[in-house]
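Enquirer: Below is one structure. I have some questions about it.
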Amino acid sequence: MSTTGTATKIKYRIISCTGEDPEYPYSELLTPSPNSKGWQSPRFCDYPQEMTLQFTTPSKVKQIQFLSHQSKISSKIELYAFMPNLNAVMPNSDFKWKKLGYLSLDANERSNFQARELKSVFLDSPALYMKIVFHKCHLNRYNLFNQVGLIALSVYGEPLATDPIEKPTKAEIKFDKMEFQTQFDQYTLQRMKQLEEAKERAVKNEDFEEAKRIKEAIERLRHIGAQLQQLEERKIAAIKNEDYDAAKVIKEEIERLRYAVAPQSNKFMEKLSQENTRQSREPTREQTREQKRNALFDKEPQQIL
């Protein structure tokens, strides 16, 4: 399976972290969005800082993407993996980490600390746990408290379970990439996934006129993504200032823009309606996945700070 093509996004939980800035907790990494603040280490912390991930299913890790903070930048990041014996009667609490390698990050002086660096690391390693080690930060006039920070962290690969969790759709694979997660809000992403799945059904049924309309709708929705994000930020500011009249107007404009790009053909709306009716009666894809995950891992790890 190609790392850049069909590798799927691996969900994870953070089971330990050396520390965090209270205003930038590591939980921000679990819900990537354009509004995510990301994780930052404590002020004037000791180095290295460590973060341990547990994947929701044993996986062959193919790729890791880091979106670094523009000024709070680690000089070096080391990666370690651990795959326990899944057939053991007693769980192995003694982690024997395998070093996968390291990456160096640029000090970012050339962009005057404005651009965020996106680093992709390609791997081929089985793992249930992964440890990320952040070494000392690059010093600059904007990093007053000698911190390191990540805006987003995504892992991609293949499940190793003999009875794998239900495979994600092509649309989920396409839009789960970091460039989409950090550019569009979750509502817009979900809508693009629905449109992509509708396009695939139209192609399968050889309804190419419908497929063309849906493709154009997806392109329009992507083009207005930046505008939608600006409106979302204005809405948040209005709510913070308790200007609810303005927040209402902005909310209506957001909804108008979102729905304006959806194809209005009866076929498309009928398909979405049927799909929503079916989903209301059946367990959702996420519920099904969680049931299978809980069967594999019924013990929730503690989050340690």
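The values are calculated or read from the model by the stated rules, or taken from the named source; none is laboratory data. On a predicted model such as this, the values are computed, not experimentally measured, just so you know. Ideal geometry is used to build each Cβ from the backbone, glycine not excepted, and the neighbour counts take in all protein chains shown.
Enquirer: Given the criterion at pLDDT 85 or above and surrounded by 10 or more Cβ atoms within 10 Å (Cβ to Cβ), identify the matching residue among Lys251, Lys240, Lys271, Lys267.
Expert: Details: Lys240 fails: surrounded by 10 or more Cβ atoms within 10 Å (Cβ to Cβ); Lys271 fails: at pLDDT 85 or above; Lys267 fails: at pLDDT 85 or above.
Selected residue: Lys251, the only one of Lys251, Lys240, Lys271, Lys267 that is at pLDDT 85 or above and surrounded by 10 or more Cβ atoms within 10 Å (Cβ to Cβ).
Enquirer: Do any helices (runs of 4 or more DSSP H) lying entirely in segment 159-252 carry at least 1 residues that are more than 24 Å from the chain's Cα centre (by Cα) and within 24 Å of Asn35 (Cβ to Cβ), and which ones are they?
Expert: Passing ranges, in order: 225-240.
Enquirer: Out of Thr4, Thr56, report the one residue that is of a type in the set (S, T, N, Q) and either surrounded by 14 or more Cβ atoms within 10 Å (Cβ to Cβ) or at pLDDT 90 or above (or both). Spell out the reasoning first.
Expert: Numbers: Thr4 fails: either surrounded by 14 or more Cβ atoms within 10 Å (Cβ to Cβ) or at pLDDT 90 or above (or both).
Only one candidate passes the filter, namely Thr56.
Enquirer: In the list Glu158, Glu117, Glu78, Glu109, which residue meets the criterion of being closer than 24 Å to Cys45 by Cα and in contact with a Ser or Thr (Cβ under 9 Å, 6 or more places away or on another chain)?
Expert: Sole residue among the options that is closer than 24 Å to Cys45 by Cα and in contact with a Ser or Thr (Cβ under 9 Å, 6 or more places away or on another chain): Glu117.
Enquirer: May I pose another question? Of the residues that make up segment 55-71, is at least one touching a residue at least 60 places away in the same chain (Cβ under 8 Å), out of contact with any Lys or Arg (no Cβ under 8 Å at 6 or more places or on another chain) and farther than 29 Å from Gln186 by Cα?
Expert: no
Enquirer: Is it the case that Leu144 is surrounded by fewer than 16 Cβ atoms within 10 Å (Cβ to Cβ) and not in a helix (DSSP H, G or I)?
Expert: Values: surrounded by fewer than 16 Cβ atoms within 10 Å (Cβ to Cβ): yes; not in a helix (DSSP H, G or I): yes.
Here the answer is yes, as Leu144 does meet what is asked.
Enquirer: Which of the residues that make up segment 108-128 are under 19 Å from Trp39 (Cα atoms) and surrounded by 14 or more Cβ atoms within 10 Å (Cβ to Cβ)?
Expert: Those that are under 19 Å from Trp39 (Cα atoms) and surrounded by 14 or more Cβ atoms within 10 Å (Cβ to Cβ): Asn108, Phe113, Arg116, Glu117, Leu118, Lys119, Ser120.
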